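Please read the structure below before turning to the comments.
Laboratory data are not the source of any read-out in this text; all were calculated from the coordinates shown. Just so we're clear, the structure is a prediction, and the values are computed from it rather than from any experiment. Using ideal geometry, Cβ is built from the backbone for each residue, glycine included, and neighbour counts are taken over all protein chains shown.
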Amino acid sequence: MSELLLKEIHRFDHTLEVENAFTPPASWYRERDFHLLEKKALFNGWSMGGYSQSMPNEGDYLTSLVGSKPYVLIRQGGEFKAFYNVCSHHGTCVARGSGNTKKLVCPYHGWEYNLEGKLKKIPKAGSIQDIHQKNLNLKPIPLKVIGNFIFIYLGQGEVTEFNPDIESHLTRDFYKNLNFLKRIEYDIPCNWKVFVDNYLDGGYHVSHMHPDLASDLSLESYKTEIYESYSIQSCESDNTGRVEGRSEYTWLFPNLMINRYGKWMDTNLAIPIDENNCKVIFEYFHEEEPIDLEESLRASHQVQLEDMDICQMVQTGLNSGVYDQGVYAPQFEKPMYSFHKKLKETFLKHLS
Ligand code: FES
Ligand SMILES: [Fe+2]
């Protein structure tokens, strides 16, 4: 790692009070070295893999990416299994998207794996006996089911302990008995941290940018709780409808957001693609069928479009060369500051 990278990390001073602090330099959001560092430092432990309710049937599967590691999550024998989504032959991703299947067939030369990841068939490849000697099964990924959330472990070596505080937060009844509705992927031309920063501004942008949402919330009741590797923002609403009652927005370091409001839950996973692009996967869940389903999804999509648009504009400014470090709005943006501190700590730990 270059001296320059270390210097850029240290330019963010995590010791100041939020009132006096400056945000991380723009380099954190636009330099390839940071993107490469993040892949190794942030996305090499426990990561969100999926939700049990979105895979209710035997043979249901989904694929995604953490850092540069593609994985496939499968429901098999009443349990969940995770594998690196990489064919043992020439490394092709074996599965695509999500769906239901009885086997995984590589799209390149048709090697076939069963849902336990075992290589079962090698079309026209000569002595299968010999090939089988080499253990060409899909590589398994350790996994942990917490409430309805499925976490996968993508680190090397021994599996580290899962944070017990987060575990008890996620197993609350609040997150149970929800039905999966749909998954939407948004490609956003911004660094993934821009999206997370936007989420962690303590509701600061809501009244200015999402007037429809703001009119449904009692923003004066907005509250933020900050913990070691997660934070919770919450807000009340007197309105009936989509955001009725208490809304709770939980963020788990580094890139998972869980929103519970009214009869709804949606989860957002921000996946870095490169330093200038990310993908955010939204999954929607609800209690009993909401009467205003279409209208709720439309309202939510509207909020996403507004956020995506602003995130893109932030990235343009970060790439402009005329902006270096900003400041925090102290009343609101403590959760964002705490995210940045945790980033710095994790970067330095990885580099030491
Ligand atoms: S790469 Fe998968 S079958 Fe050839
Ligand atoms: Fe927003």
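Listing for the model above:
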quantity: Binned Cα-Cα distance frequencies in the stretch 244-289 - 5 Å width, integer %; calculated: 6, 21, 25, 20, 14, 9, 5, 2
quantity: The stretch 182-194 - phi-based ³J(HN,Hα) in whole Hz, Karplus 6.51/-1.76/1.60, Gly and Pro as x; calculated: 6, 10, 10, 10, 10, 8, 10, x, 8, 4, 4, 6, 5
quantity: Top of Phe253, Phe339, Phe174 by mean-square fluctuation, Gaussian network on the chain, Cα under 10 Å; calculated: Phe174
quantity: Crossing angle, helix 293-318 versus the chain [Cα axis fit, 0-90 degrees, rounded to tens]; calculated: 80 degrees
quantity: Cysteines in the chain lacking a second Cys C-beta under 4.7 Å; calculated: Cys93, Cys235, Cys278
quantity: Compactness of the stretch 181-245 as Cα Rg over 2.2 N^0.38 Å, two decimals; calculated: 1.28
quantity: Average projected area [Cα convex hull, the stretch 1-113], square nanometres; calculated: 10.4 nm²
quantity: Whole-angstrom Cα spans of the stretch 277-331 along principal axes, big to small; calculated: 49, 29, 16
quantity: Estimated FRET transfer efficiency when R0 is 25 angstrom, pair Val303-His10 (beta carbons, to 0.05); calculated: 0.10
quantity: Rounded to whole Å, sorted largest first: equivalent-ellipsoid semi-axes of the stretch 78-232, Cα gyration tensor; calculated: 42, 19, 15
quantity: Label point distance in nm, Asp165-Leu219, each placed 7 Å from Cα along Cα→Cβ; calculated: 2.9 nm
quantity: Debye intensity ratio I(q)/I(0), log10, the stretch 46-159, q values 0.24 Å⁻¹ (C-alpha model); calculated: -1.40
quantity: Cross-link partners of Lys118 among lysines (Cα-Cα below 17 Å; sequence separation of 8 or more within a chain); calculated: Lys81, Lys102, Lys103, Lys134, Lys139
quantity: 222 nm mean residue ellipticity, helices alone, for the chain (DSSP H n ≥ 4; -39,500 (n - 2.57); rounded to 500); calculated: -8000 deg cm²/dmol
quantity: Per-pair calculated FRET efficiency, R0 = 22 Å: Arg183 and Glu288 via Cβ, rounded to 0.05; calculated: 0.60
quantity: Span per principal axis, largest first, for the Cα atoms of the chain (Å); calculated: 68, 57, 35
quantity: Relative packing of peptides 158-169, 188-199 - highest average C-beta neighbours within 10 Å first; calculated: 188-199, 158-169
quantity: Gaussian network model of the chain, springs between alpha carbon atoms under 10 Å - residue of Asn177, Asn277, Asn268 with greatest fluctuation; calculated: Asn177
quantity: Cα-based helix-to-principal-axis angle, 334-351 vs the chain, degrees rounded to 10; calculated: 40 degrees
quantity: Derived scalar couplings ³J(HN,Hα) [the stretch 147-157; Karplus, 6.51 cos²θ - 1.76 cosθ + 1.60; whole Hz; x for Gly, Pro]; calculated: x, 9, 9, 10, 9, 10, 10, 10, x, 8, x
quantity: Cβ charges +1 (Lys, Arg) and -1 (Asp, Glu), total dipole of the stretch 46-159, debye; calculated: 240 debye
quantity: Cα-based shape type of the stretch 227-340, given that a ≥ b ≥ c are square roots of the gyration tensor eigenvalues and the cut on a/c is 1.5; calculated: prolate
quantity: Under the Karplus curve 6.51 cos²θ - 1.76 cosθ + 1.60, θ = phi - 60°, whole-Hz ³J(HN,Hα) for the stretch 22-35, x wherever Gly or Pro sits; calculated: 10, 6, x, x, 4, 4, 4, 9, 9, 9, 4, 4, 5, 4
